[in-house]
Amino acid sequence: MKDSIISIDDVSFQYPDQTAFALQHVSLHVQRGEWLAIVGHNGSGKSTLAKMLNGLHYPKEGTVTISGLALSEENVWAIREKLGMVFQNPDNQFVGTTVQDDVAFGLENNGVEQKEMKERVQEALEKVGMTAFLNQEPHHLSGGQKQRVAIASVIALRPDIILLDEATSMLDPAGRDEVMNTIRSIKDEEGLTVISITHDLEEAAKADRVVVLNQGSVYTEGSPQAIFQLDQELLTLGLDVPFPVRMSQLLADEGLILSQRHFTEEELVKDVWTLNFKK
Amino acid sequence: MMEKIILGRYLPLNSVVHRMDPRAKLLFIFGFVFVVFLANNVLTYALLGVFTLFVIVLSNIKIQFLMTGLKPVIWLILFTFLLHVFFTKEGEVLAQLGFLSIYKGGVIKGAFISLRFLLLIFVTSLLTLTTPPISVTDGIESLFGPLKRVKVPVHELALMMSISLRFIPTLLDETDKIMKAQMARGADFTSGSLTSRIKAVIPLLIPLFVSAFKRAEELAVAMEARGYRGGEGRTKYRVLAWHGRDTAALLVLVALAAALFGLRS
Amino acid sequence: MDIKFQEVEYRYAAGTPFERLAITDVTFHVPSGEYVALIGHTGSGKSTVLQHLNVLLKPLQGEIEIGSRTIAAGRKEKNLKEIRRRVGIVFQFPEHQLFEETVEKDICFGPMNFGMSEEEARQRAREAVRLVGLPPSVLERSPFDLSGGQMRRVAIAGVLAMKPDVLVLDEPTAGLDPRGRREVMELFASLKKENGLTCVLVTHSMEDAARYADRIVVMHKGRVAKRGTPRDLFHDRASLTALGLDVPETVRMQRLFEEKLGQPLRQLCLTPEELAQEIARLQGERS
């Protein structure tokens with residue numbers, strides 16, 4: 001594929017103490033500037049894949065190329081500068097004692113000069129709307145705010161790709177919106193490539209493309225609209241479908257006529273109305 | 001319960017003491033520990049007391065607040081006092097309690113030592129109350145910097161300290177949560193014999209350890225993902241700045257030491 | 001067992017420079033056998049209210065009636081064990097409290113603290129494990145070898161084994177996958193229906209509140225902002241959005257549909273199933 005920023009070719013992986021493969025012959029390409037959602041239930045291999053993209057695991061077979069760099073022990077630090085990660089637990093990735101120290105941590109690791117560091121910390125916090133919290137300590141922040149700081153820490157390093165590994169799964173609904181809106185605006189501004197790994201299909205619905213993983217393999221991929229047409233199949237994979245899709249199914253079960261599984265409430269209502277009520 | 005402890009807490013106020021370089025404060029306290037031992041009579045202790053009071057006033061921290069923070073150690077001070085009162089046999093006898101005699105020298109010595117203790121607690125509390133913990137760590141890292149040459153892992157130790165500081169509130173919260181969850185299941189942490197109380201802590205400690213290990217593991221992964229690979233080639237975000245007032249503070253301490261030296265008997 | 005809050009106030013770190021008002025003037029009633037949902041934003045005071053339900057926190061103002069006991073501000077309270085047995089709390093992420101070598105021992109921890117014999121406690125552990133839908137073989141295993149979902153169930157079983165009259169649930173489905181969420185919520189609903197348990201659910205999910213609760217208490221900035229049945233409460237969307245909350249998706253969809261229809265449906269539908277049936281019924285009527 002042309003202009004792939006990430007190429008995963010026929011990758012398999014096995015944890016040292018396990019017989020089963022966590023990933024089996026996975027091939028995936030991510031376009032520059034794309035928002036890709038990788039969904040799957042717990043144990044589907046999605047977290048293993050995330051860790052591999054950051055060089056926290058290496059494939060047993062196959063190759064991974066990120067921003068033109070083949071994943072290897074020599075390249076791993078360069079790759080980590082290109083691809084930043086936001087993890088699930090907001091507390092367990094907050095290294096600094098205050099917001100600004102945390103954002104600076106990654107810059108310090110990469111030997112950025114002090115003066116430039118100050119500027120980059122400020123700039124990154126502006127982008128996530130957290131400048132008012134510069135000297136705040138993490139235990140005074142909400143989960144959503146901590147995740148926004150984690151995002152700032154990533155973008156301060158000016159990566160090409162940001163990878164969200166279930167970054168919203170421990171947040172309340174307000175925090176989830178807060179984080180997703182932040183990601184959306186940064187992606188648009190910076191032209192970043194976003195990969196979000198999630199079991200929340202509402203979150204996946206915001207992506208350009210969805211990949212469904214099951215038992216370590218790619219089960220299917222497509223646009224969110226296309227994926228959600230598979231409602232019953234998704235449920236058997238242990239995934240939930242967004243409300244309008246579920247509502248479509250329930251209405252169809254009640255004998256109403258629908259042209260397809262709908263994706264937004266407005267379209268669904270319109271469809272129900274025109275096909276069943278308008279005479 | 002935990003919220004009453006002031007040692008290790010930081011009060012973000014604006015004062016000249018707050019603005020001092022943490023290295024100067026650390027050196028000052030280190031020096032003060034020795035200077036306190038120079039006092040040995042009423043005059044020198046009075047001078048020390050007035051001096052400490054002056055520093056407290058400079059820091060803008062209410063003395064009542066420091067007093068409430070004394071509560072956990074008040075028994076220790078009292079115990080030290082009584083120990084001297086009962087076991088020092090100097091000067092005239094003030095009172096006779098059965099087989100115990102109380103000597104004037106004992107009371108004076110007890111009072112002096114308690115006061116010395118008190119002053120040390122005040123001044124060290126002032127350090128943490130006026131300095132963000134991260135600055136204390138930075139100060140220590142910088143002061144011990146030369147030890148890197150003899151292969152002391154100063155950077156790693158400082159990082160460990162700052163991460164511990166960062167996680168103390170998180171772990172305290174967690175302790176509170178687990179404690180409440182176990183109390184809701186009928187656990188009793190406050191009554192019963194010593195052995196039953198020690199046993200009661202197990203349902204608290206095990207979940208706490210399990211979670212701390214999990215946190216440590218995740219944190220290590222997150223640090224690696226953000227490019228942490230040891231102190232080599234690392235820059236520092238926080239830069240310490242030594243001002244005239246820092247030098248002045250240390251000179252004042254030297255002057256105090258000289259005065260005490262002159263006035264001690 | 002009834003629980004009544006009467007103008008309850010609580011402050012954290014009272015009397016220190018770090019003092020913070022958590023809740024004030026909180027008055028509501030949990031009638032015996034009902035299912036009450038407590039909703040509101042993070043920081044609205046929900047979890048402070050929750051900790052008063054079994055007197056882990058004592059009110060600094062006002063009083064709380066729990067069954068026949070009254071807990072009033074400023075009084076020393078002794079013998080809280082009976083209250084704690086009768087009001088069981090399942091905290092958020094309850095699997096974090098597991099500590100024993102085996103699941104059975106862990107579940108027995110509560111019952112035995114409340115003075116039950118070991119034999120009786122083990123009997124209850126077997127029952128509780130069955131209730132939460134785990135096989136009996138799990139009793140001999142270490143809780144730390146289980147999956148996240150199984151650990152959650154074991155922790156819930158540990159509270160159920162106390163045979164409480166009131167079950168308090170703090171976000172019991174947080175972090176579970178969709179299937180696990182449904183199963184856990186159905187478990188509590190059936191305990192309420194079949195065993196007459198009183199339930200208090202603290203939740204962010206308007207869907208769960210609408211589906212399961214008999215009444216809802218809305219907390220906002222440490223105060224009770226609204227109280228009522230789900231139908232009453234979700235009827236008025238504007239007053240909820242003013243509190244930064246929203247109505248369930250089902251209600252939003254119903255409103256959109258009513259706009260097209262030009263008239264309201266017979267009543268507010270609280271679950272998607274109900275709404276689908278109502279639309280189908282209307283369609284049948286029209287044709």
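The values are calculated or read from the model by the stated rules, or taken from the named source; none is laboratory data. The model shown is predicted, which means the values in this text are computed figures rather than measured ones. All Cβ positions, glycine included, derive from the backbone under ideal geometry; neighbour counts span all protein chains shown. Side chains are part of the model used for accessible areas, which takes the heavy atoms of the whole protein and leaves out ligands, DNA and RNA. Shrake-Rupley method; radii C 1.70, N 1.55, O 1.52, S 1.80 Å.
For B:R149 and A:D208, what is the calculated FRET efficiency with R₀ set at 56 Å and r taken between the beta-carbons, to the nearest 0.05? It would help to have the intermediate numbers written out before the result.
Values: r = 54 Å, r/R0 = 0.97.
So the FRET efficiency works out to roughly 0.55.
Could you tell me which helices of chain B pass both thresholds, a Cα extent of 24 Å or more along their own axis and a mean Kyte-Doolittle hydropathy of at least 0.0, with helices taken as whole DSSP H runs? Intermediate results must be reported in sequence, preceding the final value.
Working: long enough: B:42-59 (26 Å, 2.43); B:104-130 (39 Å, 1.54); B:154-184 (44 Å, 0.48); B:194-225 (46 Å, 0.96); B:244-263 (28 Å, 1.76).
Both cut-offs are met by B:42-59, B:104-130, B:154-184, B:194-225, B:244-263.
Viscosity 0.692 mPa s, temperature 37 °C: give me the Stokes-Einstein translational D for the stretch C:129-256 in µm²/s, with Rh taken as the Kirkwood radius over C-alpha pairs.
Details: Rh = 16.4 Å.
It comes out at roughly 201 µm²/s.
Dipole of the stretch B:152-265 computed with +1 at Lys/Arg Cβ and -1 at Asp/Glu Cβ about the Cα centre; of B:G230, B:W242, B:S196, farthest Cα towards the positive end is B:W242. Here the stretch C:16-70 is assigned +1 on the Cβ of each Lys and Arg and -1 on the Cβ of each Asp and Glu. Its dipole about the Cα centre then comes out at about 160 debye. Judged by the ratio a/c of the largest to the smallest principal axis of the C-alpha gyration tensor, chain B counts as oblate, that ratio being 1.5 or greater while a/b is no larger than b/c.
Every helix of 4 or more DSSP H residues in chain B counts as -39500 (n - 2.57), and over all residues that averages to -23000 deg cm²/dmol at 222 nm.
Let a ≥ b ≥ c be the square roots of the eigenvalues of the Cα gyration tensor of chain C; is it rounded (a/c under 1.5), or, if not, prolate (a/b larger than b/c) or oblate?
Working: a/c = 2.14, a/b = 1.27, b/c = 1.68.
It is oblate, given that a/c is not under 1.5 and a/b is not larger than b/c.
Determine, from the Cβ-Cβ distance of A:Q260 and B:R19 and an R0 of 56 Å, the FRET efficiency 1/(1 + (r/R0)^6), rounded to the nearest 0.05. Computed FRET efficiency for A:Q260 and B:R19 comes out at 0.25. The stretch C:133-191 and the stretch A:208-279 have their alpha-carbon centroids 30 Å apart. Based on the Stokes-Einstein relation at 37 °C and a viscosity of 0.692 mPa s, and on the Kirkwood radius from alpha carbon pairs, the protein assembly as shown is assigned a translational diffusion coefficient of 107 µm²/s.
Here the stretch C:52-195 has an Rg and Dmax of 15.8, 48 Å, counting Cα atoms alone. Chains B and C together bury some 1900 Å² of accessible area, summed over both sides, with a 1.4 Å probe.
Below 8 Å between Cα atoms, with a sequence gap of 6+, how large is the relative contact order for chain A in percent?
On the way: 505 pairs, mean separation 60.3, N = 279.
The normalised contact order for chain A reaches 22 percent.
Cross-link partners for B:K71 among the lysines, with Cα-Cα distance under 24 Å and sequence neighbours closer than 8 places in the same chain left out: B:K4, B:K62, B:K109, C:K58, C:K76.
If you filter the stretch B:80-186 for trypsin sites (Lys or Arg not before Pro), then keep DSSP loop positions with at most 13 other Cβ within 10 Å, what is left?
Numbers: sites: B:K89, B:K104, B:K109, B:R116, B:K148, B:R149, B:K151, B:R166, B:K177, B:K180, B:R185; in loops: B:K89, B:K151, B:R185.
In loop regions of the stretch B:80-186 (DSSP not H, G, I, E or B), the sparsely surrounded trypsin sites (Lys or Arg not before Pro) are B:K89, B:K151.
For peptide C:23-33, the mean count of partner chain Cβ atoms within 10 Å of a residue's Cβ comes to 0. Seen against the Cα atoms of chain C and their longest principal axis, helix C:249-261 is set at about 10 degrees.
Which whole number gives the average, over all residues in B:215-222, of C-beta atoms from other chains lying within 10 Å of the residue C-beta? Each step should come with its number before you reach the end.
Numbers: counts 3, 1, 1, 6, 7, 1, 7, 11.
Mean number of neighbouring Cβ atoms from other chains: 5.
Apply the Debye scattering formula to the stretch A:4-99, with a single equal point scatterer on each alpha-carbon and no solvent, then give log10 I(q)/I(0) at q = 0.10, 0.13, 0.19, 0.21 Å⁻¹. Normalising to I(0) and taking log10 leaves -0.29, -0.49, -1.00, -1.18.
Considering only alpha-carbon pairs that sit under 8 angstrom and 6 or more positions apart, the relative contact order computed for chain C is 22 percent.
You can think of it this way: the chain between C:Y12 and C:K193 has 61.5 nm of extra reach, that is 0.36 nm per residue less the Cα-Cα gap. Each of the peptides A:36-44, A:116-124 was scored by the mean count of other Cβ atoms within 10 Å over its residues; in descending order, highest first, they stand as A:36-44, A:116-124.
For the protein assembly as shown, give the percent of accessible area contributed by carbon and sulfur heavy atoms, probe 1.4 Å, rounded to a whole number. Walk me through the numbers before you get to the answer.
Values: 21170 of 38000 Å².
Summing carbon and sulfur atoms, their accessible area is 56 percent of the total for the protein assembly as shown.
Show me C:103-110, C:135-142, C:176-183 ranked by packing, highest mean number of other Cβ atoms within 10 Å first.
Numbers: C:103-110: 25.5, C:135-142: 13.5, C:176-183: 16.9.
The peptides rank, most packed first, as C:103-110, C:176-183, C:135-142.
Explain nothing, just the number: dipole magnitude of the protein assembly as shown about its Cα centre with +1 on each Lys and Arg Cβ and -1 on each Asp and Glu Cβ, in debye rounded to the nearest 20. Intermediate values should be presented prior to the final figure.
On the way: 94 positive and 99 negative charges, 648 e Å.
I would put it at about 3120 debye.
Within a straight-line Cα-Cα reach of under 16 Å, B:K148 can be paired with the following aspartates and glutamates, leaving aside sequence neighbours fewer than 8 residues apart in one chain: B:D138, B:E156, B:E232. Please give the Cα centre distance for the stretch C:1-34 versus the stretch A:149-170, rounded to the nearest Å. A separation of 38 Å, based on Cα centres. Ordering C:I23, C:S44, C:L57 by Cα displacement along the dipole of chain C toward the positive end leaves C:I23 in first place; charges were set at the Cβ atoms of Lys, Arg (+1) and Asp, Glu (-1).
If the only charges are +1 at each Lys and Arg Cβ and -1 at each Asp and Glu Cβ, what is the size of the charge dipole of chain B around the Cα centre, to the nearest 20 debye?
Values: 29 positive and 16 negative charges, 26 e Å.
About 120 debye.
Report, in whole Å, the centroid distance computed from the Cα atoms of the stretch B:121-170 and the stretch B:180-239. Here the two parts' Cα centres lie 20 Å apart. Dipole of the stretch A:4-241 computed with +1 at Lys/Arg Cβ and -1 at Asp/Glu Cβ about the Cα centre; of A:L53, A:V76, A:Q14, farthest Cα towards the positive end is A:V76. In the distance distribution for the stretch B:180-265, Cα-Cα pairs more than 22 Å apart total 67 percent.
Expressed in whole Å with the largest first, what are the equivalent ellipsoid semi-axes of chain A derived from the C-alpha gyration tensor as the square root of 5 times each eigenvalue? Each step should come with its number before you reach the end.
Working: eigenvalues 242, 121, 51 Å².
Those come to 35, 25, 16 Å.
The mean number of Cβ atoms from other chains found within 10 Å of a Cβ in peptide B:183-194 is 6, as a whole number.
Listed highest first by mean packing, meaning other Cβ atoms within 10 Å per residue, what order do C:167-173, B:51-57 come in? List each step's numbers first, then the result.
Values: C:167-173: 23.3, B:51-57: 16.1.
By packing density, highest mean first, the sequence is C:167-173, B:51-57.
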